[in-house]
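Structure, as structure tokens:
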Amino acid sequence: MASIESIQGAVCIICGVALILLEIGYLITGTEKGGKLWNDFSDGRYYKPWGNTWGSLARPVVINPSRREMTELSEAKALSQRAAYSDMFGFQHTMNGISHTEQETSLLRTRLYSRLLQVRGPTNLKVIYPTLQKQLETVLLQQLEKGKLNADGSLSIRLAPTIRTMSSRLMAQLFFGENAATDETFAESLLAYSADMVRCMAVFQFFPRYLTKHVHKLITRNGRAMHFLQNRFKKMMAGNDGEMHNTILRDMVELTREQNSQYWTVGVISQSLLGIWFAASHQPWMNLDFVLLELAQRPEWQAQLREEIGDHSRLDYQALVQLPYLDSFIKETVRMNPLDNYAIRRKALQNYHFANGGWLIRTGVVACVSAIDILRNKDVYPNPDEWDGNRFVTTTSPVQGSKFSDVSEHFPTWGFGALACPGRFHAALVMKIILAHIVSHYELTLESKGRTKFMWESFTLPYDSTRVSLKKID
């Protein structure tokens, strides 16, 4: 992403500012306190959530990825998913002061999100599918207008910004309905908020906690997108827009009323929507970017998928989700390009011993599994370093027949156990509907000859500058 690519240069400036601020703090607060602050910052004692070099608390404990240990890691009450990601993304600031007190609200949230996305979600997806197709056609044409015309009649586009916008618009329709999704100001604010979250994730690690509030204000222009969205969410919840039926926002309001809990105030619902939105909008487009990059380099697979899809104008929801080779192509590409080298991150709220006695996770330490080791396990994935689009359809292996949206100890993309991603069906649909439309109507070719992705800490990210050509199929 453009925001990510610019971070490396910005970090140098930011770190310089940080050191100046710390030096000022030293002069103001006196030798003893200021000196301790300087030493703490220099020694990396401030939380660096995925680092492996600064401070003992910065080194995650990577546990054995067996089904038993992964279940315990995922579901132990003393090991918190929200605490791990709250540290990483600074939820206190990026989600406007939301509280993540585990004992009080964890069960309420888990039950609601499960019913919202895993129970009601699939039913709503079937209903809203036709309008998603309509929205996709409109957004794609708008994005193609920004492309450059090549001599052979194809259009050259920057893939990442195009897919990011398309994915965000479709996800916005699932969340908020057609009227909101087509509101340009609202749609741009949704994109801006997700970008703000990623910028904060990258920059917060260089600052002591007492400065993150001010850093957040600087990066996000005083939380402009966040506050705009929260105010808009509150107006939506107070209104009675018929276009919002079968949307995540409408269902969330109804389900919180059914819970009849004082916890779910309008403010808390709007804060929670920010978090759900970021989770739902951020990963699908990046996964889809890598899927389309792979497809652009495999013309034989473009032909195979067109044949499987058939007449795209007759492709309904049920047919789309049951396309085995489309699903396998996506899953294999995601397997080969995990967005994070680690999975199932949990922060210890207190000292925790695993049941088998093998690991002691001390308070404040993050435990996780290695996604790379799991996804390249030769006992599960024969020839694990080779891309095989047929892997989940025709090959003989333990994962043959599994689907992209399945939760498994062999595929940690969605997490594992009771806290596995409840929005995976929405994410999978958005990816499939875009992929099926593009491959049915266009031939894809990769223009950029250089690198198409880069690493930031343990994360793999696509370049914003990578270009592909789309040529209309007659």
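Summary table below
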{"read-out": "For Pro122: the one exception among (1) surrounded by 17 or more Cβ atoms within 10 Å (Cβ to Cβ); (2) under 23 Å from the mean Cα position of the chain (by Cα); (3) under 30 Å from Asp316 (Cβ atoms)", "value": "(1)"}
{"read-out": "Residue within region 433-444 that is under 22 Å from the mean Cα position of the chain (by Cα), assigned to a strand (DSSP E or B), of a type in the set (A, V, I, L, M) and buried (at least 17 other Cβ atoms within 10 Å of the Cβ) present", "value": "no"}
{"read-out": "Any hit, region 236-255, residues being aliphatic (A, V, I, L, M), within 27 Å of Asp464 (Cα to Cα), buried (at least 21 other Cβ atoms within 10 Å of the Cβ) and in contact (Cβ under 8 Å) with a residue 40 or more places away in the chain", "value": "no"}
{"read-out": "Pairs, first touching a residue at least 24 places away in the same chain (Cβ under 8 Å) in region 349-370, second crowded, with 19+ Cβ neighbours inside 10 Å and of a type in the set (Ser, Thr, Tyr), C-beta under 6 Å, six or more apart", "value": "Leu349/Ser80; Ile361/Tyr352; Cys368/Tyr342"}
{"read-out": "Qualifying position, being at pLDDT 95 or above, assigned to a loop (DSSP other than H, G, I, E, B) and out of contact with any strand residue (DSSP E or B) (no Cβ under 9 Å at 6 or more places or on another chain), among Ala192, Ala187, Ala172, Ala151", "value": "Ala151"}
{"read-out": "Elements of type helices (runs of 4 or more DSSP H) in region 308-391, at least 3 residues being closer than 17 Å to Glu69 by Cβ", "value": "371-375"}
{"read-out": "Verdict on Leu339 being surrounded by fewer than 20 Cβ atoms within 10 Å (Cβ to Cβ), over 23 Å from Met431 (Cα atoms), in contact with a Phe, Trp or Tyr (Cβ under 8 Å, 6 or more places away or on another chain) and not charged (D, E, K, R)", "value": "no"}
{"read-out": "Selection within region 455-465 - in contact (Cβ under 8 Å) with a residue 60 or more places away in the chain and surrounded by fewer than 22 Cβ atoms within 10 Å (Cβ to Cβ)", "value": "Trp456, Glu457, Ser458, Phe459, Thr460, Leu461, Tyr463, Asp464, Ser465"}
{"read-out": "Contacts under 7 angstrom Cβ, first residue in region 393-415 being aliphatic (A, V, I, L, M), partner loosely packed, with under 15 Cβ neighbours inside 10 Å, 6 or more apart", "value": "Val393/Pro324"}
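The values are calculated or read from the model by the stated rules, or taken from the named source; none is laboratory data. Computed from a predicted structure; not experimentally measured. As a convention, Cβ positions derive from the backbone with ideal geometry for all residues, glycine included, and neighbour counts pool all protein chains shown.
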